[in-house]
Amino acid sequence: VQLQASGGGLVQAGGSLRLSCVGSGSIWIIDDMAWYRQVLGKQRELVARISDWDITTYAESVKGRFTISRDNTKNTVYLQMSSLKPEDTAVYYCNANVRITGASYWGQGTLVTVSS
């Protein structure tokens, strides 16, 4: 499984961005998909997750502002980010998991910078 993330960039506080992550390879084995983010010097944290049943979970810090979705026909998971804050600045990583094997796959990361 290969994951290619895109959509990061520079945005002013209060603005919006949409991240995309396209999967390729043995994508039919994927169950959950998620977005994580990491600030330099800090641990990577879960931002949002979507299951193969479209059940979503969010970090408290992004609830009501971010929306995760997936389009299985395009092998893509999205993260719509609105009302962005400077503290959302981070490298965002796409993640895919296979429950039966415990395998976890990561995309290359895309930088989101929110200016105040």
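The values are calculated or read from the model by the stated rules, or taken from the named source; none is laboratory data. Predicted, not measured: the structure shown is a model, and the values here were computed from it. Glycine also receives a Cβ, built like all others from the backbone with ideal geometry; neighbour counts cover every protein chain displayed. The area values use the complete protein model at the heavy-atom level, side chains included, leaving out ligands, DNA and RNA. Shrake-Rupley method; radii C 1.70, N 1.55, O 1.52, S 1.80 Å.
Structure notes:
- When SER104 is tested against (1) modelled with pLDDT of 95 or more; (2) touching a strand residue (DSSP E or B) at 6+ places or on another chain (Cβ under 6 Å), only condition (1) is not met.
- Considering residues of segment 36-58 that are without any contact (Cβ under 8 Å) to a residue 40 or more places away in the chain and touching a helix residue (DSSP H, G or I) at 6+ places or on another chain (Cβ under 9 Å) only, the residue farthest from THR73 (Cα to Cα): GLU45
- Top-ranked residue of segment 9-35 - restricted to ones that are under 15 Å from the mean Cα position of the chain (by Cα) and farther than 23 Å from THR73 by Cα, ranked as least open to solvent (accessible area, probe 1.4 Å): GLY9
- Within segment 54-86, being within 12 Å of the chain's Cα centre (by Cα) and in a loop (DSSP other than H, G, I, E, B) holds for one residue alone: ALA59.
- Qualifying residue in segment 5-26 (condition: in contact with an Asp or Glu (Cβ under 6 Å, 6 or more places away or on another chain) and more than 19 Å from LEU111 (Cα to Cα)): no
- One residue stands out in segment 2-41 among those that are part of a loop (DSSP other than H, G, I, E, B) and at pLDDT below 95: the one that is nearest to ILE68 (Cα to Cα), namely ASP32.
- Residue in segment 97-116 that is surrounded by the most Cβ atoms within 10 Å (Cβ to Cβ), counting only those that are in a loop (DSSP other than H, G, I, E, B) and at negative phi: GLY107
- Residue in segment 36-88 that is most open to solvent (accessible area, probe 1.4 Å), counting only those that are among the aromatic types (Phe, Trp, Tyr) and over 18 Å from GLY7 (Cα atoms): TRP53
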